[in-house]
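Here is the structure we will look at, set down as structure tokens.
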Amino acid sequence: MPTRSAQEQFDRQASHYNAQWNSWTGIALNWLLEQAECQPDDLVLDVATGTGFTALAFAPFVQSVVGIDVSTGMLEQARQQQVAQHVDNVTWQQGAAEALPFADETFSIVTCRIAPHHFQSIPQFLSEVKRVLRPHGRFLLADTCVPDEEPEVNEWQNRVEALRDPSHMRNLAPQEWQEALEAAGLHVTALCEPTSDIAMHLNDWMTKAGCTGDQAEAVRAAFAAAPAAAVRTFHIRELPTGDYAFAWQRVAAKAIKP
Ligand SMILES: C[S@@+](CC[C@H](N)C(=O)[O-])C[C@H]1O[C@@H](n2cnc3c(N)ncnc32)[C@H](O)[C@@H]1O
């Protein structure tokens, strides 16, 4: 299956993205907001901001927020959300997580939600997060994940994700995040146990990514042949309609720059 750039994938998805991920909004954002302990003088960078869910949620509690993303289509949706919500302390910028166009020590908080699994290099991304954070700055992360020490589940889930969305790179396990954050010189102060709180239906999930024809058949076949450990981990259930119900897992972490 050929890869597709995240920019191309999300320009395609932009107009219906909000409806797709609304269910994630409350759970992940509340955890990130609680852990961030926002102050009125905080300067926030939201990496891979998409349609601005996280940037706009932080805005009322801080001085200002910059949302950065590779997809101009997603940023256009973010601007529309900003106008609809009457928020005036957020700005948007196009750019990549692996090469953040900001000076060293610019921000007191960096956030990133449901996006690192698209990044080309997690070490490069985390190195950039550390560079743009001020000393004692907080990094708040939430992303889909695979369980620790389950290589078969890990391989199956990442293969299915890449079949459905060719811009998918890899979901990491919580332990891998812990190690990557510490290796980048960020001190992990909170790491949420994975929870299966992203309930989905296969047909709907594929439609929203523009996954049709042979590509959709390949994903359906992978679900039909899912190993028992994946069925258990992701609560995969075939429905009488032939569709599948399942639930992806989420990891969330807070890390501090010394
Ligand atoms: C699933 S959306 C998440 C958007 C948002 N963070 C949220 O919580 O709703 C993933 C976003 O990551 C962006 N993205 C993917 N790779 C990127 C990269 N290397 N640098 C910046 N943005 C990227 C995509 O364009 C897309 O808007």
(message) I want to confirm something. Restricting to the range 98-114 and keeping residues that are crowded, with 23+ Cβ neighbours inside 10 Å, within 15 Å of the ligand (Cβ to nearest atom) and of a type in the set (A, V, I, L, M, F, W, C), which single residue is farthest from the chain's Cα centre (by Cα)?
(response) I109
(request) Of all residues in the range 58-97, count the ones that are within 12 Å of the ligand (Cβ to nearest atom), among the polar types (S, T, N, Q), farther than 24 Å from P123 by Cα and surrounded by 15 or more Cβ atoms within 10 Å (Cβ to Cβ). (result) 2
(request) Could you check, for the range 95-112, whether at least one of its residues is of a type in the set (S, T, N, Q), in contact with a Lys or Arg (Cβ under 9 Å, 6 or more places away or on another chain) and assigned to a loop (DSSP other than H, G, I, E, B)? (result) yes
(request) Out of the residues in the range 235-251 that are crowded, with 20+ Cβ neighbours inside 10 Å and modelled with pLDDT of 95 or more, state the one that is nearest to D148 (Cα to Cα). (result) F246
(message) Regarding the range 64-72, can at least one residue be identified that is assigned to a helix (DSSP H, G or I) and of a type outside the set (V, I, T)?
(response) no
(message) Based on this model, can you work out whether A55 counts as at pLDDT 95 or above, part of a helix (DSSP H, G or I) and within 11 Å of the ligand (Cβ to nearest atom)?
(response) yes
(request) Identify the single condition in (1) within 12 Å of the ligand (Cβ to nearest atom); (2) among the β-branched types (V, I, T); (3) touching a helix residue (DSSP H, G or I) at 6+ places or on another chain (Cβ under 6 Å) that V44 does not satisfy, given that it satisfies every other one. (result) (1)
(message) Residue under question is H201, and the condition is that it be touching an Asp or Glu at 6+ places or on another chain (Cβ under 6 Å) and within 16 Å of the ligand (Cβ to nearest atom); does it hold?
(response) no
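The values are calculated or read from the model by the stated rules, or taken from the named source; none is laboratory data. Just so it is clear, the model here is predicted, and its values are computed rather than measured. Glycine gets a Cβ as well: all are built from the backbone with ideal geometry, and neighbour counts include every protein chain shown.
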